Amino acid sequence: MREPVIAYVGIGANLGDAVATVRGAIERLGSLPQSHVMKASSLYRTAPHDAQGPDFVNAVAQLQTGLEADELLAHLQEIEQEAGRERPYRNAPRTLDLDLLLYAADRIDGAKLTVPHPRMRERAFVLVPLSEIAPQEVTAAQLAAVSGQRIEALPPA
Ligand code: AMP
């Protein structure tokens, strides 16, 4: 069995009480088997990216986990579905989106899972919270490239 690894999970919500949804997701990540939340970024309010509707609330969590990457993805999808049960109507936009951003230094190119997450470097809502808790994972040039995207840190609870 592999030693526990460090993984980063991107969290986003833009429906209902998005702040509560993101905080709840961070708590749920900490209750996954063989997993602990080592760090969680501030919550950020961000402009919708390739999407309509209200602003998003985003954060990034650093997990230490003994789960394999595909097992972790399955758990993330289960947490998304739990949040989805609170959908106000059928086919309503998702209340919660969880992305596996990084899993150790692994490169995974599978049918269900690509790591590092292929679009993470284009998104201020990933790079800014990630740089807060893991500055070594983000370069100044990458941050500069997304500096036109609106993002503001929310005050701590
Ligand atoms: P989305 O609707 O953007 O949340 O994408 C979900 C789909 O992306 C699922 O079918 C996943 O299997 C797939 N996927 C591929 N790579 C990743 C990743 N690194 N994190 C989350 N979902 C992923």
For the chain: relative contact order, % (alpha-carbon pairs under 8 angstrom, 6 or more apart): 30
Scattering curve values for segment 5-153, log₁₀ I(q)/I(0), Debye with Cα scatterers, q = 0.11, 0.16, 0.18 Å⁻¹: -0.38, -0.85, -1.08
Apportionment of accessible area to carbon and sulfur, the chain, percent (1.4 Å): 50
Cα Rg over Rh - segment 1-87, Kirkwood: 0.99
Accessible area expressed per residue, segment 1-51, with surrounding protein chains retained (probe 1.4 Å, Å²): 50
Environment charge at Val115 (Cβ cut-off 14 Å; Lys +1, Arg +1, Asp -1, Glu -1): -3
Net dipole in debye of the chain [+1 Lys, Arg Cβ; -1 Asp, Glu Cβ; about Cα centre; nearest 20]: 280
Among Thr65, Thr139, Thr46, residue whose mean-square fluctuation peaks in a GNM of the chain (springs only between Cα atoms under 10 Å): Thr139
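The values are calculated or read from the model by the stated rules, or taken from the named source; none is laboratory data. Here the structure is a predicted model, which means the values were calculated and not measured. Cβ: placed from backbone, ideal geometry, glycine included. Neighbour counts: every protein chain shown. To get the accessible areas, we keep the full protein, side chains included, count just its heavy atoms, and leave off ligands, DNA and RNA. Shrake-Rupley method; radii C 1.70, N 1.55, O 1.52, S 1.80 Å.
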